Structure formats: C-alpha cells, structure tokens
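The structure under discussion appears below in the form of structure tokens.
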Amino acid sequence: MNGSNYRTPNGMPLSKKYAPGTPDIRIARFNTGASNSDYNLKLQLISKEKSQIRDNAIEAARVSANKSLTKHIGETSYKLSVKLYPHVVISENRMLATAGADRLQEGMRRAYGKPIGSAARVKIGSVIFEVNTYKQFLNEAKKALKTASSKLPQTTSIATN
C-alpha cells in the first residue's frame with residue numbers, strides 16, 4: 001500500500017475504538033518534560049494541510065523532538081505536549097498476489113478489512129505539538145520542532161506565542 005492511502009482523509013472516519021482487533025495507540029506519553037508554571041515562551045507546530053497522521057508517525061516525531069530538547073536544553077527546562085489523539089481506526093483489506101491466490105480471495109465481498117492502526121485527522125491550522133520553555137532556548141526549541149516536523153507526512157509551520 002502507498003503512504004498516500006493513509007495520508008489523505010477520504011470518507012467517514014471509523015472511530016470504533018473498542019471494536020475487536022483494534023490495536024492500541026503507539027504514543028507512549030502525551031506530556032514530557034517538567035511542568036513548571038513560569039515558562040515565558042510557547043512554540044506550536046501547526047499543520048498547513050488537511051491530512052491524516054498515523055499514531056506511529058506522531059510517536060516518532062515526539063521521540064525526536066524530546067531527544068533534541070533533552071540534549072540541548074535539559075530535562076527541567078521545557079514541557080512538550082502532543083495535542084492530537086488518534087481516534088480514527090485504519091482498516092486494510094489485504095489482497096493476496098501470489099500464485100493460486102484466486103481460490104483464497106474474496107475480492108470486494110465483505111471487504112471491511114482488518115484494523116491495522118489508528119490515525120488522527122488534522123485540519124489546516126491544527127496544533128500538533130506544543131513546547132513551553134524559556135526565551136533563551138528559542139532556537140533549540142525551534143530546531144526540535146523542525147526535526148519533529150520531518151517525521152510527519154504534511155507541511156507544517158512553527159508559531160511563537
């Protein structure tokens with residue numbers, strides 16, 4: 001299957017979280033770092049496209065941003081938050097393509113498919129990640145969000161508040 005099969009949101013989203021066989025989401029933590037109340041800088045990673053982001057892509061982006069922030073800033077000088085939750089269940093009707101597969105395939109009959117993962121639907125302007133830190137760490141936080149955006153399947157921008 002192509003990546004664009006899961007990246008472009010088409011049709012109604014299936015959100016039966018408790019359907020049998022639905023895999024758990026792969027995001028380990030939604031908030032990392034220290035949650036101090038005296039942070040004076042907020043950076044947000046904002047989506048510029050309407051798309052669908054799989055949970056393993058969100059987790060890969062979170063891990064890379066967290067690693068970069070911990071390495072350059074330290075564990076007590078930032079708070080990284082994931083602002084998305086992957087509600088949409090992705091199902092796939094796998095087709096066999098080997099010799100003798102014509103006797104095993106059903107084609108489009110009962111073509112619901114197996115749940116293979118979950119994803120979050122993102123609109124234009126949606127916040128994906130948020131970093132709270134101090135003003136002296138502005139460049140390091142921007143670099144961390146830039147590395148996180150390289151793991152995501154759409155174009156993003158970084159906004160400061």
> Of Gly11, Gly74, Gly21, which residue is farther than 19 Å from Val127 by Cβ, outside any strand (DSSP E or B), without any contact (Cβ under 8 Å) to a residue 40 or more places away in the chain and open to solvent by 50 Å² or more (accessible area, probe 1.4 Å)?
Replying inline: Gly11
>> Among the residues of region 98-139, what is the count of those that are part of a loop (DSSP other than H, G, I, E, B), open to solvent by less than 100 Å² (accessible area, probe 1.4 Å), modelled with pLDDT of 95 or more and of a type outside the set (Phe, Trp, Tyr)?
In response: 2
> Of the residues in region 43-65, how many are assigned to a helix (DSSP H, G or I) and either out of contact with any Phe, Trp or Tyr (no Cβ under 8 Å at 6 or more places or on another chain) or without any contact (Cβ under 8 Å) to a residue 40 or more places away in the chain (or both)?
Replying inline: 8
> In region 51-65, which residue that is open to solvent by 10 Å² or more (accessible area, probe 1.4 Å) and out of contact with any helix residue (DSSP H, G or I) (no Cβ under 8 Å at 6 or more places or on another chain) is farthest from Val88 (Cα to Cα)?
Replying inline: Val63
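The values are calculated or read from the model by the stated rules, or taken from the named source; none is laboratory data. Source: prediction; values computed, not measured. Every residue, glycine among them, receives a Cβ derived from its backbone with ideal geometry; neighbour counts consider all protein chains shown. Only protein heavy atoms, including side chains, enter the accessible area calculation; ligands, DNA and RNA are left aside. Shrake-Rupley method; radii C 1.70, N 1.55, O 1.52, S 1.80 Å.
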